[in-house]
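Right, one structure below, let's go through it.
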Amino acid sequence: MPSLGLPIYGQKTALETRRWKSIEELEGRGEAEAGEFPEGAAETPDGFSRRGFLQILGASVALAGLQACKPPREKLVPYVRGPAGVTPSVPVAYATAASEEGYAVGLVVQAFEGRPVKIEGNKLHRASLGGTDAIRQGLVLELYDPARLRGFTKQGRALAWSALLQEIAALGREHDKDGGARLRFLVAPTSSPTLGDLRRRLLERFPKARFVAWSPAAGGAERGGAEIAFGRPLDATYEVAKADVILSLDSDFLATEGEHLRHAREFASRREGERMNRLYVAEPRHSVTGGMADHRLRMRGAEVGAFARAVAAELAGQGLAALKALGAPAAGPHAKAARAIAKDLARARGRSLVVAGARQPPAVHALAAAMNEALGNAGATVQWRAPVLLDAQVGPAPLAELAGELQAGKVDTLVVTAWNPLYTAPADLDLRAAFGKAKNTLVLALRDDETVRAASWKLAASHPLESWGDLRARDGSVSIVQPLITPLHESATELELLAAFVGEGDRGAWRLVRDGWRVRSGAPPAPLPLSGPAAAANPADTNRPRPPDPYDRTWEEWLAAGLLTESAGQPEQASVDGGRVAEALGKLPPPAGGIELGFTPDYKVWDGRHLENAWLQELPDPITKLTWENAAHLSPATAQRLGLSSGDLVELSRGGRSVVAPVLVVPGHADEAVTVALGYGQRAAGPVGHGAGFDAYALRTSDATWFAGGAELKKTGKRTDLAVTQGHFSMEGRAIALALDLGELDHAKPELDEHRGEVPTILQPVDYSGETYKWGMSIDLSRCIGCGACTAACQAENNIPVVGKEQVLRSREMHWIRVDRYFEGPADDPRSVSQPLACVHCEMAPCEYVCPVNATVHSDEGLNEMVYNRCVGTRYCSNNCPYKVRRFNYLDYRGEMAPTLQMLMNPDVTVRSRGVMEKCTYCTQRIQRTRIDARVAGRKIGPDEVVPACGQACPAEAIVFGNLNDPQSRVSRKHADARRYDLLHELGTRPRTAYLVKLRNPNPELA
C-alpha cells in the first residue's frame, strides 16, 4: 500500500533536516567547529595595532577638518544655467539595451547630472521583464574603469579620429584593387540591423572580403540542431510559464542560457500554489538550474545524450511512435529515472518542455526538438523563429579557416572587433602565431588585452553606455541602444569603424542608426529647409530652419520605450525530419574513458571579458561561493579516489597540454569528471585581473570545445588558499533555510508555527499600527534561484567597496546582502537551498542595546538605521547581531579614487570611511525619494511603490518590499502566507524580513 505521506510521531521532518554549507561542516571539521569567523578575521594587518589605527583615524579626521576650512584653489563657476532636462540631485532614467552573445537585453539606466549610476531591467522588454543579472549590474563599473583603452594608434603613432579615417580610406583603396580578397573581419555575433546594412555595403565594395564571427561561449549547437531537425537554422524561444513538466539536458536556462532572465521570472511564477511545475535536470556540474531541480541527475556531459535517448525510448513506449527510431534502451543507474520522467512528460503533453543545453552537441538539440514535437509542445511551450543573428556560424570551424588563411599569408588586413580572440581561440589553432603574419591588424577593444598588444592598429572601443546602436531580441523585437554619456575618452563604435570602410565614418553612429530606421520603418524623408535661396537643394542636415519632421516623434517614442513597437517576428511552422535526427544521433561518439574535462562560462566574468570588473570578481559564485579565481571542480568521490582536497594544486592535462589549477571539491558534481570555468589566467590582464586564476583556454581545442575524455590530474604537492565564502557565518546547526516537499506543507504547520508569531518578552513591543508606514520585506525561497543579482545590485546602489582576495580570506567582504547556499543530504548527491540574507531590521534589535554612542537606532517606521558620523567602530553591534549581517570598514578600501570612478558614486548614499560599521538600510534613500515625490503630488506612498535595489534586480521576484500597515500590499500578503517563518524566531528579535519556505514538487515514483 502506498504511503499517505502522514507524519510519524518522533520522526524528523524536512524542517529538521540537517543543512550544511561545506563538506568540512558536514564531516564535522573545519569552519563549523572554529566558530562564526575563520582564524584571523578580526586581526589587523601585521604591525598595525588598534591603538595605531585609532591614532591614524584621529589624525585623518583632524586633517580633514583643517582642509575643510581652506578655500579651494581652483576657480569656481556657479551652476546658474544648467542643461535642459537636468535637475541637480534628481535622477533621470533612459531605456537602452545591452548585447548578450549578440541578442538584445532591455535595460533602463539611471543617471545623475548625466552620469550613469545604476542599471535596471526594462519591464517592457521581453528578454528581461524588469530583471537583471550580476553581469548587467556590473556594466556601469566597466564604463568608469580608469584602465580602459584610450585613443587610436597605428604602429605606435597616435592618431586623431579624422586622421584615422584618412588612414582607413587609404587602406580601402589598396583593397579595391583585388576586391577585398585579402581583407578579413573577425567580429562578435550580433543581431544589429544597422551593422547588417553596413556589412552588406562593405561587401558590395569588397566582394571578396569575408566576415568571420567568433565568441567562445556562443550557443551555435542550438542552431545546428535545428538545421538537423528541420533542414534550416531556427532559434527556439521557450514559454516556461506554460510548462508543467520540464526536462533540462545540461541546460542552465535559469541563469546563463537563452532568455534566462525571462525564464527565471516565468519559472518562479510556477513555484508556489497548487500549480507547481516539476523540473528534472541532467548535468555534470552543479548549476543554478540544477539547484532549483525537483530531481537532479548528475552524470558526465558525454552521458547526457544517451540519457536523452533513454527518455525518448520510454516515451515511444508511452505511445509516441515518432520517437521509436530515436531512442535507445536505458541502462545503468538512471534507467528508473528515465522511465519516471517519460511518464511524467507523457502525462503533460502540450504542457511539457525539453531543453538541451548549449554545451551539448547539435544531435542532442535535434533530439530535444523531436521530443517537443512528439509531445505536442511545438507552438505551446516552444516556438521556432527565423534566426536574428547575422552570422550562420559562430563556432570554431570558421575561425579555424581564418587561422589557416593567416598562416598561409593570404590575409593582408585583419579587422578585429571580437573580444580578445588570441586569448579565447581554441589552443590547437595557434592563432597567436598566425595573427602576426597579416601586414595590417586593426583591433577595436575596450581594454589593452592580449590581442590589442599584438595588433599594429590599436583602436579604443566605446562602452555600450557611450554608444548608439541597435539590437534584436530572440523574438525579433528591436531595441535602440542609446548612450547615457558622451565618451569619456576618444573612442569609436563598431558601427563607426565599419562605416569608415565605406567612406561614412564621419557621419556618426547616431545618424547611421536613425537614418537607417527611417528607411526601414517606411517614414518619409526629412523635410527640406523652409527658407534660403537654395532651400530646395539643401541637404536634410542643414542648419537652416525646416518644418517639423513626423519621424522625430516616432523616434523619440522608440527611445523612451526602449524598443520598436510591433517589431517582433512571427513563429514559424516546422516539422522534424526523424531520419536526419536518427542519422545524427547514430554518429554521436560514446563517452570516452578516463576523467572527462568539461568547460563552462563563468557565472561572473563569463568568457573573461569581465575579468577587470572588481564587483564581479568579489561576488561569490552562486554554487561554490568561490571569489577572485577559478578552480578545477571535482566530486567528493573522485577527489577521495585521487587523494585530493580543496586547495590542492594539481597539474591538469589533456592531449599534451597542461595547466596548474587548484582543486575545489563541489557537492553534487558528477564522478570521474572535472569542470573548469573559462575567462581567468589572462596574460595581458589589468590591475584587477592580474594573477586571477588559471587559463582554461589552454586546454580547449576545436574538437572539444565543451567536454572531452582523457584528462589527467597529478598532485604537485603544493596548496593554495581559496577565497571561498561558503564556510563563513556558520549558523551552528539552527533552522535557517527551510525547505519542504509540496505534500508536507499542511502537516508541517505546527512546526512552522514555532518559527513565527509572538514570543514571550518582559519588554513592551513598540506598537507601529498607528504609523502610516511600517516597512517590511519578504523573501520567497521557492522563487530564489541564488544567482547573486541582488548582491551586485546592492553594491552598485549603495557605494559598497571591494576588499580583495586577502581580505575575503579574513571574512571581511563588505556585501550588505549575501546569498547563503545550504546543502542537505549526502555530499555526493545533495539538494540545495539558496537564501538571501541582509539586515532583517529587528524591532527588538540586539545591535541597538550595545552601541555605546547610539549610532544604530530605530526610526518611527521601524527601520534599523545607522548614523555613520556617530560610529566609533567598537563593533559591539556586529558581535551582538545573531544574523551576522553587519560590515566593518577595517581599512580604507577606496584609497585615492580615480576621477572617473568618482563619477560612479550614487549621490543619494553616503560613502563610508575607515572605522565605520555599515549594513543594509532597506534602501532608505529610495524610501525618502519616493516620500518626497508623494508629498509633491499630495498623496500617500503606494503600497508597492518603493522597491529596493535587491528586489528590483531579482529576475525571479523573490524579494518583495512594502508597507506592512497596508493589507493590500504584496509584502503584507506574503507575511500572511502559510509558508512564512521568521529567521531565529526563538531569539525574540521580531525581524521585519520574513522568509517563505522553499517548496519542492518531487515525482512520487522517484521520491
Ordering of 295-302, 360-367, 976-983, 651-658 by packing [mean C-beta count within 10 Å, highest first]: 360-367, 295-302, 976-983, 651-658
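Rg/Rh for region 739-1000: what does it come to with C-alpha atoms and Rh from Kirkwood?
That ratio equals 0.96.
Want the number for Lys324 to Val92: 0.36 nm per residue separation, take away the alpha-carbon distance, what's left? Mind dumping the intermediate values first?
Working: separation 232, 0.36 × 232 = 83.52 nm, distance 5.84 nm.
Between Lys324 and Val92, full extension yields an extra 77.7 nm.
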Spatially proximal aspartates and glutamates relative to Lys177 (Cα-Cα < 15 Å; intrachain offsets below 8 disregarded): Glu204, Asp412
Nearest-0.05 FRET efficiency for Asn869 and Ile485, computed from C-beta distance (R0 25 Å): 0.20
Farthest toward positive dipole pole in region 739-1000 [+1 Lys/Arg, -1 Asp/Glu at C-beta], among Cys839, Tyr768, Thr910: Thr910
Gain upon complete extension [Ile762, Glu274; 0.36 nm per residue less C-alpha separation]: 171.6 nm
Model label zone, Ala335; criterion: amide N under 20 Å from point 7 Å along Cα-to-beta-carbon; scope region 290-327: 297-300, 303-319, 324-327
Residue-level accessible surface for Ser646, protein heavy atoms, 1.4 Å, Å²: 30
Accessible heavy-atom area order of Glu239, Glu751, highest first, probe of 1.4 Å: Glu751, Glu239
Options Leu249, Leu195, Phe267, ranked by Cα towards positive dipole end of the chain, top entry (Cβ charges): Leu195
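Just the number, please: carbon plus sulfur as a percent of the accessible area of the chain, 1.4 Å probe, no ligands or DNA/RNA counted.
Values: 20970 of 39940 Å².
Answer for the chain: carbon and sulfur cover 52 percent of the accessible area.
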Estimated inter-spin distance, Ala158 and Arg347, nm [label 7 Å along Cα→Cβ]: 7.1
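With a Förster radius of 60 Å, plug the Cβ-Cβ distance of Ala698 and Asp746 into 1/(1 + (r/R0)^6) and report the FRET value to the nearest 0.05.
0.65
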Residue-normalised accessible area of region 235-385, given per residue in Å² at a 1.4 Å probe: 27
30 Å Cα-Cα reach of Lys774 towards lysines, excluding residues that sit fewer than 8 places from it in its own chain: Lys118, Lys123, Lys749, Lys884, Lys919, Lys940, Lys974, Lys998
Label-point separation in nm, Val911 to Ala241, each point 7 Å along Cα→Cβ: 4.2
Cβ charges +1 (Lys, Arg) and -1 (Asp, Glu), total dipole of the chain, debye: 1320
Peptides ranked, highest mean first, by Cβ atoms within 10 Å: ranges 626-635, 519-528, 705-714: 626-635, 705-714, 519-528
Heavy atoms of Arg126 accessible to a 1.4 Å probe, total area in Å² rounded to 10: 60
For the chain, calculated [θ]222 nm from helices alone, where every DSSP H run of n ≥ 4 adds -39500 (n - 2.57): -7000 deg cm²/dmol
Sum of side-chain charges, Ala158 neighbourhood, beta-carbon under 14 Å (Lys, Arg +1; Asp, Glu -1): +2
Per residue solvent-accessible surface (Å²) - region 814-864, probe of 1.4 Å: 27
Asp430/Glu806 FRET efficiency (R0 41 Å; Cβ-Cβ; nearest 0.05): 0.65
Alpha carbon centroid spacing (whole Å) that separates region 876-909 from region 742-804: 23
Spacing of the two label points (7 Å from each Cα toward its C-beta) at Arg201 and Gln902, in nm: 4.2
Mean Cβ neighbour count within 10 Å, used as a protection proxy, ranking 273-279, 687-693, 921-927 highest first: 921-927, 687-693, 273-279
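So between Ala561 and Ala937, what do we pick up on full extension, going 0.36 nm a residue minus the alpha carbon distance? Before the final figure, lay out the partial values.
Working: separation 376, 0.36 × 376 = 135.36 nm, distance 2.41 nm.
This chain segment gains 132.9 nm when fully extended.
How large is the direction-averaged shadow of the alpha-carbon convex hull of region 235-385, in nm²? Don't skip to the answer; put the middle values down first.
Values: hull surface 31.4 nm².
Hull-based average projected area comes out at 7.8 nm².
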Kirkwood Rh and Cα Rg combined as Rg over Rh, evaluated for region 425-499: 1.07
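So for region 593-719, considering every pair of alpha-carbon atoms, how many percent are separated by more than 17 Å?
Cα-Cα pairs in region 593-719 separated by more than 17 Å: 54 percent.
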Column: log10 I(q)/I(0), Debye, Cα scatterers of the chain, q = 0.04, 0.08 Å⁻¹: -0.20, -0.84
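The values are calculated or read from the model by the stated rules, or taken from the named source; none is laboratory data. All of these numbers come straight from a predicted model, not from anything done at the bench. Note that we place each Cβ from the backbone using ideal geometry, even for glycine, and neighbour counts take in every protein chain shown. Just so you know, the surface numbers come from the protein's heavy atoms only, side chains and all, with ligands and any DNA or RNA stripped out. Shrake-Rupley method; radii C 1.70, N 1.55, O 1.52, S 1.80 Å.
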